[in-house]
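Peer 1: The structure follows.
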Amino acid sequence: MSEPQAIPTLGLELSDAGLEAALGVAAGIDPQPFFVPDHQGNRDWPGYACSDGKTITLGRAAEDLWFVHPRRIDFHFWARLGHDPSALQVNGKTLSSSELAFLFLRAFLARLEPAASRPGRVVLAVPGAYLRDPAIEEERIGLLLGLAHGLQLPLVGVVDAGLAALSDPRGPGCDPSLPVVLIDAGLTGADLTLLQPRAGRLARAAHLHLPQAGLAALRRQLTAALGNRFLRQTTFDILTDGRVEQAFFRQVHDFLQGEATEHRFVIGTGARTYEMNAKREQLAADALGVAATIAQGLQDLLARRNGGPAPGTVALTDRAARIPGLEARLRAGTPARLLRLPTAAAAVGAARLGHSSADAPADLAEVPVWTELDLALVTPIPAGSWRLRVAGGGPGTPGSAPTHLVLGGLAHPLPRQRRFTFGPPSAEPDLSLPLPAGSPAWTLLQEGGCWLLAGSEAPGAPLTAGDRLELAIGDEKTELLLVRCLPSTVGPA
């Protein structure tokens with residue numbers, strides 16, 4: 001890659017769950033998300049298309065017709081990008097999925113350019129499924145290059161969206177010296193991508209697509225479940241009219257996308273208004289199957305990595321993190337650090353990568369496809385982010401000196417020697433924690449039969465069984481429990 005230049009760069013994430021854009025105005029200045037309103041002022045661009053036989057409606061306006069005219073809707077065209085016919089026709093002509101993608105991208109750019117002007121460079125961040133094998137990659141990338149040519153985009157690169165997302169400088173950062181798993185959710189399925197460090201670079205190593213964990217199916221499922229609950233509480237059936245069901249779906253969608261712990265559903269018929277309160281815990285219960293599918297998918301993906309170090313990070317896109325109950329399910333099943341990426345992370349990362357790329361080649365066939373990045377381009381965890389706190393388990397009593405340190409349900413014996421260290425694998429400690437390289441290591445010292453935490457900030461009081469060592473970085477926490485295990489006094493029968 002050449003030296004950065006002050007040329008405006010557009011990062012575009014091609015996600016069927018919502019096209020995202022970011023604009024970088026100059027090298028050395030972090031790119032920022034760029035929200036593009038449609039003709040109705042909506043800033044989300046989900047991959048829906050609707051045809052009435054004469055015209056095509058795209059994005060949010062098409063999504064708003066999903067339950068009203070379900071047979072006129074196609075939301076698979078980004079996932080199936082190709083020359084095969086879609087389910088939609090215009091004036092008797094059947095449109096292919098690539099034609100729908102072209103119309104969609106053209107409409108998006110037409111709304112973007114008046115506000116952002118035409119960029120000098122464009123980088124496309126594409127779903128991991130586009131790069132899952134050589135045959136799929138050749139077809140998908142070839143079609144994207146054709147779209148770029150038809151739209152006259154100054155394309156300088158195509159990058160795996162997971163890699164791009166980890167390059168977003170707004171993110172919490174990860175340790176690229178250990179494997180990273182990126183979890184994303186689209187309309188037609190969830191994507192899990194394993195990224196491995198190789199010779200100073202972070203590269204795609206494995207990918208898993210879970211079609212049964214798509215957001216479209218999840219939102220339909222939640223609409224049905226909450227609609228049944230609405231019927232039981234109000235005796236009003238939202239299924240009596242497609243427009244009423246669509247209005248109810250929109251409230252479900254907004255509840256799912258928001259942060260509120262509860263939502264009041266309101267449906268008015270003109271003659272009467274029906275209302276129901278719902279809590280986020282109900283969403284988690286109704287979405288249990290999707291969360292379990294993704295958690296199992298993570299285990300299946302890791303089982304295919306042929307040994308090597310365990311992942312240090314599991315990163316969720318903002319879309320995936322909004323699946324109810326998923327974060328809790330993953331935390332219970334993996335010791336890796338779990339983090340949530342910012343909205344439009346892949347678009348911002350793509351724009352950042354575009355700043356340091358060469359100019360757009362004259363021949364689109366020479367546009368590079370990045371499936372690995374220098375580790376220096378991955379956003380690191382800020383130095384000095386980890387904090388250690390000792391939480392007392394109660395007043396110490398004689399004989400309460402700990403004998404084991406518990407991490408993730410496993411007890412590790414404290415040795416008879418005077419020192420015991422714990423920290424990142426790079427420090428070669430007695431107990432390795434899923435911490436990034438460069439993180440501090442901590443030491444327990446035994447003095448006079450008591451264990452003390454070494455360091456100037458450590459409390460002087462001896463550690464006792466029941467105490468907890470809480471490591472925190474931002475909202476992420478790792479907890480170690482000090483316990484005392486007594487020798488068994490039960491002899492053989």
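Peer 1: Quick test of the membrane-span-like rule: which DSSP H helices of the chain reach at least 15 Å along their long axis (C-alpha atoms) with mean Kyte hydropathy at least -1.0?
Peer 2: The answer, listed by residue number, is 97-116, 134-150, 215-234, 242-257, 288-303, 345-355.
Peer 1: Quantify, in whole percent, the carbon and sulfur part of the accessible surface of segment 16-115 (1.4 Å probe; protein heavy atoms only).
Peer 2: Here it works out to 50 percent.
Peer 1: Give me the aspartates and glutamates in straight-line cross-link reach of residue 477: C-alpha distance below 17 Å, same-chain residues under 8 apart excluded.
Peer 2: Straight-line reach from residue 477, under 17 Å: 175, 327, 467.
Peer 1: Also, I was wondering about something else. Just to be sure I understand the model, the point goes 7 Å from the Cα along the line to the Cβ. What's the resulting residue 300 to residue 418 distance in nm?
Peer 2: Taking the simple label geometry, residue 300 and residue 418 are separated by 5.4 nm.
Peer 1: Further question: Taking a probe of 1.4 Å, how large is the accessible area per residue of the chain, in Å²?
Peer 2: 45 Å²
Peer 1: Right, next: Please give the peptides 120-126, 241-247 ranked by average Cβ packing (other Cβ atoms within 10 Å per residue), highest first, as a rough proxy for protection.
Peer 2: 120-126, 241-247
Peer 1: Can you list which of the trypsin sites (Lys or Arg not before Pro) found in segment 131-185 are DSSP loop residues with at most 14 other C-beta atoms within 10 Å?
Peer 2: Sparse-neighbourhood loop trypsin sites (Lys or Arg not before Pro): none present.
Peer 1: Any lysines with Cα under 25 Å of the residue 93 Cα? List them, leaving off those in the same chain fewer than 8 positions away.
Peer 2: Cα-Cα hits under 25 Å: 54.
Peer 1: Separate question: With every atom except the alpha carbons ignored, what do you get for Rg and Dmax of segment 287-413, in angstroms?
Peer 2: That works out to 21.1, 78 Å for Rg and Dmax.
Peer 1: Compute the distance in nm between two label points, each set 7 Å from the Cα along the Cα-to-Cβ direction, one at residue 94 and one at residue 358.
Peer 2: The two pseudo-label positions are separated by 4.2 nm.
Peer 1: How high is the FRET efficiency between residue 87 and residue 310 when r is their beta carbon distance and R₀ equals 30 Å, given to the nearest 0.05?
Peer 2: Efficiency for this residue pair is about 0.10.
Peer 1: Continuing with the same structure: Calculate, in whole percent, how much of the Cα-Cα pair population of segment 109-151 lies beyond 16 Å.
Peer 2: The answer is 49 percent, as a whole percent.
Peer 1: In 5 Å bins starting at zero, report the fraction of Cα pairs in segment 109-197 per bin as a rounded %.
Peer 2: All Cα pairs considered, the percentages come to 3, 11, 18, 20, 20, 15, 10, 3, 0.
Peer 1: Based on the alpha-carbon gyration tensor of segment 4-141 and its eigenvalue square roots a ≥ b ≥ c, which shape applies: rounded if a/c is under 1.5, prolate if not and a/b is larger than b/c, or oblate?
Peer 2: oblate
Peer 1: Using amide H atoms built 1.01 Å from N in the peptide plane, name the residues 5+ places from residue 414, or on other chains, whose amide H lies under 5 Å from its own.
Peer 2: The list, which skips near neighbours in sequence, is 404, 405.
Peer 1: Between residue 55 and residue 271, what is 0.36 nm times their sequence separation minus the Cα-Cα distance? Round to one decimal in nm.
Peer 2: So the extension gain works out to 74.3 nm.
Peer 1: Give, in nm to one decimal, the length gained when the segment between residue 411 and residue 203 is fully stretched (0.36 nm per residue of separation minus the Cα-Cα distance).
Peer 2: Extra length from residue 411 to residue 203 when fully extended: 71.5 nm.
Peer 1: Project the alpha carbons of the chain onto their principal axes and report the range along each, largest first, in whole Å.
Peer 2: Principal-axis extents of the Cα atoms in the chain, largest first: 87, 65, 43 Å.
Peer 1: Could you calculate the FRET efficiency of residue 387 with residue 284 from 1/(1 + (r/R0)^6), where r is the beta carbon distance between them and R0 is 22 Å, rounded to 0.05?
Peer 2: Once the sixth-power term is evaluated, E becomes 0.15.
Peer 1: So for segment 160-274, considering every pair of alpha-carbon atoms, how many percent are separated by more than 19 Å?
Peer 2: Roughly 60 percent, rounded to a whole number.
The values are calculated or read from the model by the stated rules, or taken from the named source; none is laboratory data. Everything numeric here is computed off the predicted structure, so don't read it as measured data. Using ideal geometry, Cβ is built from the backbone for each residue, glycine included, and neighbour counts are taken over all protein chains shown. SASA here: full protein model, heavy atoms, side chains in, ligands and nucleic acids out. Shrake-Rupley method; radii C 1.70, N 1.55, O 1.52, S 1.80 Å.
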